[in-house]
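No lab work stands behind these numbers, since they all come straight from the coordinates. Since we're looking at a predicted model, the values are computed, not measured. Quick reminder, even Gly has a Cβ in these numbers, built from the backbone with ideal geometry, and neighbours come from all protein chains shown.
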Amino acid sequence: MPYPGLPANCLTLEEQPAAEPLDHGRWGVTVHFVGVHGCPVDSTSAIVLQTVDRLKADFDFVVHHPNDPVTIKPSPGDILIGHPNRYGDCAFRRSFAQPGWARRIVFAPFSLGVLKDAACIDDLVVEADLYLATSGPGWWKGLENSVISHWRHKMLPFELGIDRNNFPAVRSRFNPPGQRRFLYIGNADRMKGGDYLAALADANPDLHFGWVRTGDSRHCLDWIPEMTTPAIRRRMERSRLNIAPLLNWRGPEGLQITATYDFVINCGRSDAMPCEILECAAWGLVPVTTPQCGYEAGPWLTHIPLDDIAGASAILHDMNLWSDAEMKARQAIGWNELDTRYTWDRAAAQLRHALECPLPEPDNSATSVARAESNREALRQVLRDERRADMRLAVLERLETVSRLFSRPAEGWRRAG
């Protein structure tokens, strides 16, 4: 069972008894889906577009962008599902507050490494009927003993899909053993562990690490960078990372760079399930991640420990010497994993399950209620601590900016005077 601890009425898709599809459209029930939906190739948009396309025969969908200036008011029987903006107002939050929804489903990434993410949506998840959590099985193992254990009874797993036709293989040959190259695609947000990646690059000058940058945004919907982001970005820029020019990394120029690498690496601290891993695996790169990226280790994906330079370096040096036969075997297993597990058909079935499954019953025992309140206070404390940390970082950033305005000779002159 890949997701331990789920109650019986929240069985995963694979464990749920088969049921006949329900003709919701005939009943006039509308599913209002709030999510980014611009380009079907972009993984964030594809979640909405690909799943809706597969379910539109059985459900009447209306798709809204989170930044749309609307407040959706339900008709009887309507369902609301969507990704809230964790740090501000959005169409989902405004609509969530409207009475009359038959089912309200929070649809967002789940990880436990950076608890600020969870703290920001605790109010919504507590009031929601279900939380469809985008995440790999790695994070579910710690759920029961975490500060969000009061969500457990309403959580359902959702795993990303990919259409390999949109990500054709660009890596048919690998660099020679001993000259393998590791590529990171992503931003400098704290959850991505760019500081650790920079430390690995500095500690291993004989290994080649590349960085293709993406936007510094906490989440695609939030557009509010973490205060730690500028410091981590500077740390990465000053390291031995080989930084590619800013470009469309899914376009032809980006793929020309990607095609020179052998491994995709992600040193995430709290990444639910980075889509770049699936995309690079489709292109033919072999993934290596920390367990905190959410993916399970296996023949197609290797784990390195977080914040253990010596341990991770030993694994990376070993991978650097893998034979071509080993690389091609792992590449092929990765493609099979994408074709059998990480498919949009399976993702759409997980969404259908959330729309149709029986709603869970909360545990209203005194012990459970007390634990929930303790958890919620812990999450409120997380936000207070984060605000204080952000204020300290803002002051330090300001002092650093001011210090650059004054030259050292001028400081010496003032001391002499």
Given LYS116/LYS141; LYS73/LYS116; LYS116/LYS154, the pairs whose alpha carbons are separated by over 24 Å:
LYS73/LYS116
So which helices of the chain fit the span-like rule, where a helix is a whole DSSP H run, its Cα atoms reach 15 Å or more along the axis, and its mean Kyte-Doolittle is at least -0.5?
43-55, 115-127, 309-320
By average Cβ neighbour count within 10 Å, what is the ranking of 87-100, 107-120, 44-57 from highest down?
107-120, 44-57, 87-100
Relative contact order of region 42-97, please, whole-number percent, based on alpha carbon pairs below 8 angstrom and at least 6 residues apart.
32
Using label points projected 7 Å from each Cα along Cα→Cβ, tell me how many nm separate GLU397 and ALA297, to one decimal.
3.6
Antiparallel as a % of all DSSP beta bridges within the chain, to the nearest 5?
5
I'd like the FRET efficiency for ARG384 and ALA102, computed as 1/(1 + (r/R0)^6) with the beta carbon distance as r and R0 of 41 Å, rounded to 0.05.
0.70
Under a plain spin-label model, where a point goes 7 Å from the Cα along Cα-to-Cβ, how far apart in nm are GLU377 and ASN67?
4.0
If amide H atoms are built 1.01 Å from N in the plane of the peptide, which residues on other chains or at least 5 residues away come under 5 Å of the amide H of VAL114?
none
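With loop defined by DSSP as not H, G, I, E or B, and exposure as at most 15 other Cβ atoms within 10 Å, which is the longest segment of the chain clear of exposed GluC sites (Glu not before Pro)?
Segment 145-295 is the longest.
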